[in-house]
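Each remark here refers to the structure printed beneath this line.
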Amino acid sequence: MHPFYFGTQEKLLFGIYHPPLTRADRDTGVVLCNPFGSEAIYAHRAFRQVAIRLSRVGFHVLRFDYYGCGDSAGEGNEGDVDQWKKDISLAIDELNNRAGVSRVSLVGLRLGATLGLLVAGERNDVESLVLWEPVVEGKAYIEELMTEQEGWMEKGEFSEAAITKLEDGTVEIIGFALTSQMRLGIESIDLLSLEKVTAKRLLIIRSPEKAGDQSLLKRLKELGASPNYSDLATPRVWLESQESDRIVVPNELLESIVLWLTRNHQ
């Protein structure tokens, strides 16, 4: 693993490059797209594991923090959907330049999957996408975040209001700022109204309880894509573990991602 900073001097992004650990050096790079807020913290180990496993089978892999997140520059209230999309594009360019790859794949979880799909539609060099529990409708996702915050506050027996209001319409979601600009950007997302898909190959991963909702799959097919679909039972790694001393890594699911990418990028 090689940690480094990239991007502009004003908005440096922190990345970790995983070079291939085998002689089967593929000409494909994989960029991992984090989920939002606390979900990125809880999913960190799973993302690290998928990066390691992909590098072991010959992929060049880059995982990184969005601007205003993790170890990247910026405050937690300075990011938004447009900025994070730019960050993903910068990460793709960085991996292309660093590894000299000719093909790129994006693996995203939750909001990261959604942002990856949107970015891929704006470029012509993203060949494949792994969409792990993508956010399909931004408004429903915001409602979900609000519900999680209320439950988190109640569990902690806090005396404050369940939704902590900060300045300028900003609210707190499990320790992370959700500004009005972030909220507007997320709420504007509706993948069922997507108008363009450029990636040749897609894998959608949804939990069994959501398997009945085929709306995104249907929309992607209408746009000419031929996505694969997986409903493997898997722990929700983006949520706080119910057992504080145990961090779950969904091995079967991670291996399925590695196998799918390997088969599609020989």
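The values are calculated or read from the model by the stated rules, or taken from the named source; none is laboratory data. Computed from a prediction, not measured in an experiment: that's the story for all the values here. Glycine also receives a Cβ, built like all others from the backbone with ideal geometry; neighbour counts cover every protein chain displayed. The accessibility values were calculated without ligands, DNA or RNA, using every heavy atom of the protein model including side chains. Shrake-Rupley method; radii C 1.70, N 1.55, O 1.52, S 1.80 Å.
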Per the rule of 0.36 nm per residue minus the C-alpha distance, extending Asp213 to Glu144 adds in nm 23.1 nm
Residue-normalised value, i.e. accessible area per residue, for the chain at 1.4 Å probe, in Å², stands at 48 Å²
Listed residues Pro35, Pro208, Pro134; largest mean-square fluctuation, Gaussian network over the chain with Cα springs below 10 Å, found at Pro208
Rounded to a whole %, the carbon-and-sulfur portion of the accessible area of segment 60-113 at a 1.4 Å probe is 35 percent
Quick P(r) readout (the chain; Cα-Cα; 10 Å bins; whole %) gives 7, 31, 37, 21, 4, 0
Computed for the chain: size of charge dipole around the Cα centre, +1 on C-beta of each Lys and Arg, -1 on C-beta of each Asp and Glu, debye to nearest 20, value 1520 debye
Glu240 and Arg23 label points (each 7 Å along its Cα→Cβ direction) are spaced in nm at 5.0 nm
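Only Cα pairs under 8 Å and at least 6 apart count here; give the relative contact order of segment 1-149 as a rounded whole percent.
Values: 286 pairs, mean separation 36.7, N = 149.
So the answer I get is 25 percent.
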Per GNM of the chain with C-alpha springs under 10 angstrom, the most fluctuating residue out of Glu255, Glu39, Glu195 is Glu195
Which of Gly68, Gly100, Gly58 fluctuates most in a GNM of the chain (C-alpha springs under 10 Å)? That residue is Gly100
When the charge dipole of segment 44-196 is computed with +1 on Lys and Arg Cβ and -1 on Asp and Glu Cβ about the Cα centre, the Cα farthest towards its positive end, among Ser105, Gly121, Ala73, belongs to Ser105
FRET efficiency (Tyr229, Met1; Cβ distance; R0 35 Å; to 0.05) is 0.65
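Here is the link list: Lys196/Lys221; Lys86/Lys210; Lys85/Lys210; Lys139/Lys221; Lys196/Lys218. Which ones come out longer than 19 Å on Cα distance?
Working: Lys196/Lys221 11 Å; Lys86/Lys210 30 Å; Lys85/Lys210 26 Å; Lys139/Lys221 23 Å; Lys196/Lys218 14 Å.
From Lys196/Lys221; Lys86/Lys210; Lys85/Lys210; Lys139/Lys221; Lys196/Lys218, over 19 Å: Lys86/Lys210; Lys85/Lys210; Lys139/Lys221.
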Label model pair Asn97, Glu78: point-to-point distance (7 angstrom along the Cα→beta-carbon line) in nm is 2.0 nm
Hits in segment 19-50: amide N under 19 Å from the 7 Å Cα→Cβ extension of Glu252, namely 46-47, 50
Rounded to the nearest 10, the angle in degrees between the Cα long axis of helix 44-56 and the longest principal axis of the Cα atoms of the chain comes to 0 degrees
